[in-house]
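I have placed the structure first, in the form of C-alpha cells, so that the comments after it can refer back to it.
The values are calculated or read from the model by the stated rules, or taken from the named source; none is laboratory data. Predicted model, so just to flag it, every value in this text is computed and none were measured. Cβ atoms come from the backbone with ideal geometry, glycine included; neighbour counts cover every protein chain shown. Protein only, heavy atoms only, side chains kept; ligands, DNA and RNA dropped before computing areas. Shrake-Rupley method; radii C 1.70, N 1.55, O 1.52, S 1.80 Å.
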Amino acid sequence: MDWLRRLRPRAGARPRQPAHTVGEEPDYRFSLANERTFLAWIRTALALLAGGVAVVQLVPTFSIGWARHLLGIALIVLAIAIAATSYARWQRRERAIRLGAPLPPTRLPSLTAFGIAAVMVLALVFVLVDAARGRG
Amino acid sequence: MTSRAGGPPPHPTEQLDPGVQSERTQLAWQRTGLGFAAIGALFLRLAFRGHLALAVPGLLTLLAAALLTARAEHRYRATFAAVRQGHSPADHCAVATTAALTAALGLTALIVILVL
C-alpha cells in the first residue's frame with residue numbers, strides 16, 4: 001500500500017510516526033465514525049463509477065457522438081480521484097483523532113460537488129441540443 | 001459472547017453504547033459490500049452482452065463483495081474484542097484494501113468505457 005501512502009499530499013513534509021502509534025488510544029466511537037465516513041466515500045466512488053459505466057453502456061446515444069463518453073469519463077475520473085485519496089484521508093483523520101487535534105481540512109466535498117454539478121450541466125446541454133436538433 | 005466451547009461464538013448482542021456505533025459500522029460495511037456487488041453485476045451484464053472478457057472483473061468484484069459483507073460480521077466481533085481490551089478498533093489493512101480495490105475497479109471501468 002506504499003503507493004497509496006505516497007499520494008498523501010503532505011507526506012514528505014516531515015518524518016512521521018505511523019498513524020496508529022501517535023497520541024493516545026482514542027474513544028473507539030471516533031475511530032468507527034471515521035471508518036464509516038471512509039466507507040461512505042467509497043460508496044460515493046462506487047456510485048459514480050456505476051453511473052459512468054451506465055451512461056456509456058445503457059443510455060441511448062446523443063446526437064453529439066462523444067457526449068456519453070465525456071460524461072462517463074468525467075464520472076469515472078472523479079470516482080478514481082475519490083478512491084485513490086480515500087485511504088490517506090482516513091489516515092490523516094485517524095492521526096488527528098489520536099492527537100486530539102482539529103480534523104484536517106479537505107477540499108474533496110467541494111471538488112465532488114463541483115464535479116457532479118459540471119456533469120449534470122453537461123448532460124442538460126446534451127439533452128437540450130438533442131431536443132433542439134429534433135425539432136429543427 | 002463468553003461460551004467458546006464448540007462452534008463459533010454467538011453474535012454479540014450486548015449494546016456497547018447508546019449510539020450503537022458498532023452496529024452502524026457493521027451496516028456501513030454491508031452497504032459497501034452491496035455497492036461492490038452492484039458493480040460486479042453491471043460488469044457481468046456487459047459480459048453476457050458479448051464482452052466476455054468482462055466476466056473476470058465481474059466475478060472478482062462479486063467475490064470482493066462477498067468478502068466485504070462477510071467482513072462486516074467479523075469486524076463487529078473484532079470491535080467488541082478491541083473495545084473490551086481498551087484498544088482502538090482501527091483496521092488499517094481493511095481500509096487500505098478497500099480503497100485499493102475501489103481504485104482498481106475505477107481503472108477497470110475507465111478501460112471498459114474507453115475500449116468497448
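Can you confirm whether B:LEU62 is away from chain A (no Cβ under 11 Å) and open to solvent by 50 Å² or more (accessible area, probe 1.4 Å)? Break it down into steps so the answer makes sense when it comes.
Working: away from chain A (no Cβ under 11 Å): yes; open to solvent by 50 Å² or more (accessible area, probe 1.4 Å): yes.
Answer is yes for this residue.
Taking region B:38-56 as the region of interest, how many residues are at pLDDT 90 or above and surrounded by 19 or more Cβ atoms within 10 Å (Cβ to Cβ)?
Of the residues in that region, 4 qualify.
Taking the condition polar (S, T, N, Q), within 13 Å of the chain's Cα centre (by Cα) and open to solvent by 30 Å² or more (accessible area, probe 1.4 Å), does B:THR69 pass? So that I can check it myself, show each step before the final result.
On the way: polar (S, T, N, Q): yes; within 13 Å of the chain's Cα centre (by Cα): yes; open to solvent by 30 Å² or more (accessible area, probe 1.4 Å): yes.
Spelling it out, B:THR69 is indeed polar (S, T, N, Q), within 13 Å of the chain's Cα centre (by Cα) and open to solvent by 30 Å² or more (accessible area, probe 1.4 Å).
Can you tell me which residues in region B:76-116 are of a type in the set (A, V, I, L, M), facing chain A (nearest Cβ under 8 Å) and surrounded by fewer than 22 Cβ atoms within 10 Å (Cβ to Cβ)?
Just the residues of region B:76-116 that are of a type in the set (A, V, I, L, M), to begin with: B:78, B:81-83, B:90, B:94-96, B:99-101, B:103-105, B:107, B:109-116.
Keeping just the survivors that are facing chain A (nearest Cβ under 8 Å) gives B:82-83, B:90, B:95-96, B:99-100, B:103, B:105, B:107, B:109-110, B:112-114, B:116.
The answer is B:ALA82, B:VAL83, B:ALA96, B:ALA100, B:LEU107, B:LEU110, B:ILE113, B:LEU114, B:LEU116.
Show me the helices (runs of 4 or more DSSP H) entirely contained within region A:21-136 in which 2 or more residues are without any contact (Cβ under 8 Å) to a residue 24 or more places away in the chain and either closer than 20 Å to B:ARG31 by Cβ or away from chain B (no Cβ under 14 Å) (or both). Can you show your working first?
Working: elements: A:28-57, A:67-99, A:108-135.
By residue number, A:28-57, A:108-135.
Please go through region A:82-117 and pick out each residue that is under 26 Å from B:LEU116 (Cα atoms) and open to solvent by less than 50 Å² (accessible area, probe 1.4 Å).
Quick first cut of region A:82-117, residues under 26 Å from B:LEU116 (Cα atoms) only: A:82-84, A:115-116.
Of everything in region A:82-117, those that are under 26 Å from B:LEU116 (Cα atoms) and open to solvent by less than 50 Å² (accessible area, probe 1.4 Å) turn out to be A:ILE82, A:ALA83, A:ALA84, A:GLY115.
Which residue is nearest to A:VAL56 (Cα to Cα), if the candidates are limited to region B:4-27 and must be open to solvent by less than 40 Å² (accessible area, probe 1.4 Å) and free of Cβ contacts under 8 Å to residues at least 24 places away in the same chain?
Here is the first cut: in region B:4-27, the residues open to solvent by less than 40 Å² (accessible area, probe 1.4 Å) are B:9, B:12, B:17, B:19, B:21-22, B:25-26.
Among the residues that remain, those that are also free of Cβ contacts under 8 Å to residues at least 24 places away in the same chain are: B:17, B:19, B:21.
Details: B:ASP17: 46, B:GLY19: 42, B:GLN21: 39 Å.
So the residue we want is B:GLN21.
Restricting to region A:31-52, name every residue that is open to solvent by less than 10 Å² (accessible area, probe 1.4 Å) and touching a Leu at 6+ places or on another chain (Cβ under 6 Å).
Of everything in region A:31-52, just one residue is open to solvent by less than 10 Å² (accessible area, probe 1.4 Å) and touching a Leu at 6+ places or on another chain (Cβ under 6 Å), namely A:GLY52.
Could you go through region B:78-92 and let me know if any residue there is within 23 Å of B:LEU107 (Cα to Cα) and touching a Ser or Thr at 6+ places or on another chain (Cβ under 6 Å).
Initial filter on region B:78-92 (within 23 Å of B:LEU107 (Cα to Cα)): B:92.
Narrowing the set further to residues that are touching a Ser or Thr at 6+ places or on another chain (Cβ under 6 Å) leaves none.
No, region B:78-92 contains no residue that is within 23 Å of B:LEU107 (Cα to Cα) and touching a Ser or Thr at 6+ places or on another chain (Cβ under 6 Å).
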